[in-house]
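Report on one structure; see the data block that follows.
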Amino acid sequence: MPQDPPAADPPPDLGGDWHLDAEPGAGEGEAPAEPQPHGSAGASPSPNPPPATPPPTPDPPSAEQIVEALLFVGGDPLTAAAACRAVRGLTPDGFLAAVDALGRRYRRQRRPYGVVPKDGGFGLAVLPAFRGLRERLVGGPREARLGQPALDVLSVVAYRQPVGKAEVDAVRGADSGAVLRQLVRLGLVAVRHRAEAGAPEVRYGTTPRFLSVFGLASLDDLPRLGDTSQV
């Protein structure tokens, strides 16, 4: 006695509103064709199908989102002039309003970072409560293995930058060439002005890593010269 053919596997579940169109001539098991109205047998599909609904156009980013992205890029402090040059249609007032809105949103959401003024512009900085975590990651003064001579030179550079080696030597009363090279290798000091015709010598300044290692948002956060306990 002939056996019934095995049942066909169920179609895959693609989820959502996905559908697979059956190919013509796929063989047995196809769904029967829908009945055609009289006089339409074998007729071609309508040459003018209804137009497909276009996908919704995404909303353009807001000024707050654009400024936030610029801040996350990093680098030099973000000024109103630089932001307005980079973004067509952004005004200085709009930039400052976006910065203020970001700061309020970060505080409301209890973010571990905030927007802080920095060297005439703005930047993102870790809040003081989280600086200990950052030092574990990038290292503090001890992890950078700075001895007292290196700390002395770094202090002179930080407060007098851009400063030349001769001035550092005069303040310390000792040769500072080897220490300056050590600080450059550690990424705490960098050449700011190279010796050129008419320029007496190379001048040095601190780097963003210096600010990060010592937990400073900007050079304005350096302790006052009278407070030697923090230098």
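The values are calculated or read from the model by the stated rules, or taken from the named source; none is laboratory data. Computed from a predicted model, the values in this text were never measured in an experiment. Please note: Cβ atoms are built from the backbone with ideal geometry, for glycine as well, and neighbour counts cover all protein chains shown.
Assorted remarks:
- Conditions (1) assigned to a loop (DSSP other than H, G, I, E, B); (2) modelled with pLDDT of 85 or more: number failed by GLN182: (1)
- Count of the stretch 68-109 residues which are of a type in the set (Phe, Trp, Tyr) and either surrounded by fewer than 17 Cβ atoms within 10 Å (Cβ to Cβ) or under 15 Å from the mean Cα position of the chain (by Cα) (or both): 1
- Per the conditions (1) surrounded by 15 or more Cβ atoms within 10 Å (Cβ to Cβ); (2) at pLDDT 80 or above; (3) not in a helix (DSSP H, G or I), the sole criterion not satisfied by ASP175 is (1).
- Annotation note: of SER218, SER155, the sole residue that is modelled with pLDDT of 90 or more and either surrounded by 15 or more Cβ atoms within 10 Å (Cβ to Cβ) or under 30 Å from ARG107 (Cβ atoms) (or both) is SER155.
- Within the set PRO58, PRO92, the sole residue that is more than 21 Å from LEU211 (Cβ to Cβ) and at pLDDT below 90 turns out to be PRO58.
- The stretch 122-151: number of residues that are over 14 Å from VAL213 (Cβ atoms), at pLDDT below 90 and surrounded by 15 or more Cβ atoms within 10 Å (Cβ to Cβ): 3
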